[in-house]
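One structure below.
The values are calculated or read from the model by the stated rules, or taken from the named source; none is laboratory data. Note that the coordinates shown come from a computational prediction; the quantities given were computed from them, not determined experimentally. Every residue, glycine as well, gets a Cβ built from its backbone with ideal geometry; the counts of neighbours run over all protein chains shown.
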């Protein structure tokens, strides 16, 4: 069975790169192109047929709805929007959903499920949630932004995270990753996933702690400071971990 051919039209390269990385995660999808300008995309679509179009609602000089009226053949469409107002689906059965930027992977998957359900059975390839696996699973992960790239960070490989103003450095078992987010934003995404702050500029993976002395934490060969406001919390977490063994 053929894969679902996906085209992206968005004048924000950042959003486009995120969608490209998400599409690459699913076996059933194929990324066939990205365009930042409506006229270039229109010329492409006059000669090529696609199955699914990710389309920015507001493009330079034209709206997404106006652009759709120019197309010789209507594909399934998922709109992209900067506005967080609730989107109401109209009568056009080809318009499946509207993703609000910044686009999360779970929201992306829900939209793809709608696309998959709307397509004729003969074009379906298999369970849409099945991801391409060339290596054994490395567990849960988050997408973070590093420079102009979107990087996948596997949680079980993260040792600790250091904050430096509006950027953070993530030290993993394999490498260091610098991401364009402050530590407060990082903490919000990592806190419920087995991580805790031990210093105003430091978050650690609880499961990776090998020793605690009151003023410092050891993670393998790394000796990291614990500041006074966080010591009692760290002690409680360490005791709880000892009691559960």
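Check every one of the helices (runs of 4 or more DSSP H) wholly within segment 30-129 and list those with 3 or more residues that are modelled with pLDDT under 85 and under 27 Å from the mean Cα position of the chain (by Cα).
Details: elements: 38-45, 64-70, 105-118.
Here the list reads 105-118.
Take the conditions in contact with a helix residue (DSSP H, G or I) (Cβ under 7 Å, 6 or more places away or on another chain) and either outside the structural domain of residue 112 (by TED's automatic domain parsing) or touching a residue at least 60 places away in the same chain (Cβ under 8 Å) (or both) and apply them to residue 52. Does it pass? Give the steps one after another, and end with the answer.
Working: in contact with a helix residue (DSSP H, G or I) (Cβ under 7 Å, 6 or more places away or on another chain): yes; either outside the structural domain of residue 112 (by TED's automatic domain parsing) or touching a residue at least 60 places away in the same chain (Cβ under 8 Å) (or both): yes.
Spelling it out, residue 52 is indeed in contact with a helix residue (DSSP H, G or I) (Cβ under 7 Å, 6 or more places away or on another chain) and either outside the structural domain of residue 112 (by TED's automatic domain parsing) or touching a residue at least 60 places away in the same chain (Cβ under 8 Å) (or both).
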Practice prompt. List every residue pair whose Cβ atoms sit under 7 Å apart, with the two residues 6 or more apart in sequence or on different chains, where the first one lies in segment 177-196 and is more than 16 Å from residue 147 (Cβ to Cβ) and the second, anywhere, is modelled with pLDDT of 85 or more and in a loop (DSSP other than H, G, I, E, B).
Written response: 183/201
